[in-house]
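**Student:** Structure provided below as structure tokens; questions to follow.
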Amino acid sequence: PTMKTSRVLTYRGWRDGATQLDDLAAFSPFFTRDSYALTGEGREPERIKGVLVTDNFLPLLGVNLHLGRSFTAEEASPDGPPAVVISHELWKRRFEADPNIVGTPIELNDAPVTLVGVLPDGFDFGSTFAPGYRVDLLFPAPLDVMDNWGNTLSVVGRLAPGATLSSARQEIEALTANLKEERPELEGWVVFGNTERLQEHVNGPVRGALWLLWGAVGMVL
């Protein structure tokens, strides 16, 4: 649902300046191009999809993890400890629903990454945000590094009490105009599109998961 811009700094500007949104979280929209090799466990390597998300992504959506926790700010820093949250389906299929798996390392691309959480059975990132793609891994997004990547973020915001979709849209447009005046590096980059309720953007077979997202508005950076 769709606002586009060039830099992480715009997301931060929106998040710092918004009063019509309680908070904003983000994820990388380009995860469909990449995959990770899950190795170890004495089993054949398996190719699975993963996506970078901000450390507040799951709390903003109201997702209560089945096991463990979401990411910390330290894990989302450029030199933070490697961490991952896995899907409920992967936890059952690959790790035999081990209730003691949180805090242990798993091997991704032949490197250890600490498993800090398991998503609930009712939350499917791929079905909600990219129908047709199964996503089994969430990683903390290092925004300070991603700031140099160009168009890098899809953004979800939760409306503040008393705010409307129209007031949120107007505020985002005003904040964007101010940012472009204050930051010359944004000159020539166009923020375009519209802002819409996420449940109106996502429909069909994923409708059952929308209770996690009810009342949110979505933007794509």
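**Student:** As an exercise, use a Förster radius of 25 Å and the Cβ-Cβ distance of R47 and D79 to find the FRET efficiency, rounded to the nearest 0.05. Don't skip to the end; give the middle numbers.
**Tutor:** On the way: r = 27 Å, r/R0 = 1.09.
Plugging the Cβ-Cβ distance into 1/(1 + (r/R0)^6) gives 0.35.
**Student:** Which order do the peptides 92-103, 27-38 come out in when sorted by mean C-beta neighbours inside 10 angstrom, highest first? Don't jump to the answer; show the numbers that get you there.
**Tutor:** Values: 92-103: 13.3, 27-38: 16.3.
Highest-to-lowest ranking by the protection proxy: 27-38, 92-103.
**Student:** Could you please state how large a percent of the accessible area of segment 80-139 is carbon and sulfur, counting protein chains only and using a 1.4 Å probe? Walk me through the intermediate numbers first.
**Tutor:** Numbers: 1310 of 2520 Å².
C and S atoms contribute 52 percent here.
**Student:** Between D23 and V145, what is the FRET efficiency for a Förster distance of 30 Å, r being their Cβ-Cβ separation, to the nearest 0.05? Kindly include the intermediate steps, with their values, before the conclusion.
**Tutor:** Numbers: r = 22 Å, r/R0 = 0.73.
E(calc), rounded to 0.05, equals 0.85.
The values are calculated or read from the model by the stated rules, or taken from the named source; none is laboratory data. Computed from a prediction, not measured in an experiment: that's the story for all the values here. When we count neighbours, we look across all protein chains shown, and the Cβ atoms used for this are built from the backbone with ideal geometry, even at glycine. Each accessible area value is taken on the protein alone, full model and side chains, heavy atoms only, with ligands, DNA and RNA left out. Shrake-Rupley method; radii C 1.70, N 1.55, O 1.52, S 1.80 Å.
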